[in-house]
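Chemist: The structure that follows is given in the form of structure tokens.
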Amino acid sequence: MLTDEATVEREYSALKAIDDNFEKVVISLDEITMPLNEGIRHIKAWELDKIL
């Protein structure tokens with residue numbers, strides 16, 4: 001779960017460091033959907049089938 005700013009930064013920073021054009025997605029168990037963050041999408045775990 002993305003419960004605090006440090007956790008959000010940890011999860012997104014690894015993907016931000018990858019320099020390619022592939023779609024990047026953070027998957028979590030949060031009830032809310034986080035906004036797009038530098039092109040990285042946030043998906044709720046139970047909605048994963050929508051992007052597969």
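Chemist: Is there any pair linking a residue in region 1-26 that is within 13 Å of residue 37 (Cβ to Cβ) to one that is among the basic types (Lys, Arg), with Cβ under 7 Å and at least six apart or on different chains, and which?
Modeler: 15/24; 25/41
Chemist: Using the structure shown, decide if residue 47 is open to solvent by 100 Å² or more (accessible area, probe 1.4 Å) and acidic (Asp, Glu).
Modeler: Judged against the criteria, residue 47 is not a match.
Chemist: Give me a count of the residues in region 1-26 that are open to solvent by less than 50 Å² (accessible area, probe 1.4 Å) and either part of a helix (DSSP H, G or I) or hydroxyl-bearing (Ser, Thr, Tyr) (or both).
Modeler: Count: 5.
Chemist: Got at least one residue in region 27-38 being surrounded by 13 or more Cβ atoms within 10 Å (Cβ to Cβ), among the β-branched types (Val, Ile, Thr) and out of contact with any helix residue (DSSP H, G or I) (no Cβ under 8 Å at 6 or more places or on another chain)?
Modeler: Scanning region 27-38 turns up no residue that is surrounded by 13 or more Cβ atoms within 10 Å (Cβ to Cβ), among the β-branched types (Val, Ile, Thr) and out of contact with any helix residue (DSSP H, G or I) (no Cβ under 8 Å at 6 or more places or on another chain).
Chemist: Residue pairs, Cβ under 6 Å, 6 or more apart or interchain, first in region 32-50 and free of Cβ contacts under 8 Å to residues at least 12 places away in the same chain and among the polar types (S, T, N, Q), second exposed (fewer than 15 other Cβ atoms within 10 Å of the Cβ) and assigned to a strand (DSSP E or B). List them.
Modeler: So the pair list comes out empty.
The values are calculated or read from the model by the stated rules, or taken from the named source; none is laboratory data. Since the structure is predicted, the reported quantities are computational estimates derived from the model, not experimental observations. In this analysis, Cβ positions are derived from the backbone assuming ideal geometry, glycine residues included, and neighbour counts consider all displayed protein chains. All accessible areas refer to the heavy atoms of the entire protein, side chains included, with ligands and DNA or RNA removed. Shrake-Rupley method; radii C 1.70, N 1.55, O 1.52, S 1.80 Å.
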